[in-house]
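Visitor: Mind looking over this structure? Questions follow.
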Amino acid sequence: MKIIGDPFFIQFVVPLITVALSVFLKFVTRNDQHVSFQKEDLAFGIDLSITALLIFVVSSSSIVKLSLAQGAPQNIIDKANAIPWILLSVFLGIWAVSTIVRKLGWEQDGKLHIFWGISLPNVFGIIVLLFVVSWIVP
């Protein structure tokens, strides 16, 4: 049970489990008359990056609170000062990836392109989640 309380588990494994469950739900809720599993079901990158962004925002609020205290350590103040830049960077990254998916990620038949539509956003989402988890863990 100790592993469940570990920050790594809560902030990295739980979002990945959530993504796996969402892929599973896409699969099991599809109409039985349609193909049961499609490659589009594996497109979770944008969702994962949004989840990482929300984790970052929630965790950052406590860092900002600590930085406003009288006599706050310089490393906490520096971390709080970096928050707006990280938020901007992640937001622009999500915007860029979604634009790439919109422009290059679709094939002629309305299916997602395996690299531009699925792999690239998934890698981006995992990178953002890894960054956020490593940044917020004390």
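Visitor: Taking the simple approach of a point 7 Å from Cα along Cα-to-Cβ for both Thr18 and Leu54, what is their distance in nm?
Guide: Here the modelled spin labels are 0.4 nm apart.
Visitor: If you don't mind, there's one more thing I want to ask. Taking 0.36 nm per residue of sequence separation and subtracting the Cα-Cα distance, how much length would be gained by fully extending the chain between Val123 and Lys65, in nm to one decimal?
Guide: 17.7 nm
Visitor: Near Lys111, which lysines are there with a Cα under 28 Å away, not counting those fewer than 8 places off in the same chain?
Guide: Qualifying lysines at Cα under 28 Å: Lys26, Lys39, Lys103.
Visitor: Ok, one more. Which value in nm describes the separation of the simple spin-label points at Leu87 and Gln74, placed 7 Å from the Cα toward the beta carbon?
Guide: Going by the 7 Å Cα→Cβ label model, 2.6 nm.
Visitor: Over the chain, what relative contact order in percent results from Cα pairs under 8 Å that are six or more residues apart?
Guide: Across the chain, relative contact order equals 35 percent.
Visitor: Expressed as an acute angle from 0 to 90° and rounded to the nearest 10, what is the orientation of the C-alpha long axis of helix 120-136 relative to the principal long axis of the chain?
Guide: Its long axis makes an angle of about 20 degrees.
Visitor: Right, something else. Using all Cα-Cα distances in the range 2-136, what percent lands in each 10 angstrom bin from 0 up to the longest?
Guide: With a bin width of 10 Å, the distribution comes to 11, 33, 31, 16, 7, 2, 0.
Where a number appears in this text, it was derived from the coordinates with a stated rule and is not lab data. Computed from a predicted structure; not experimentally measured. All Cβ positions, even for glycine, are placed from backbone atoms using ideal geometry, and neighbour counts span all protein chains on display.
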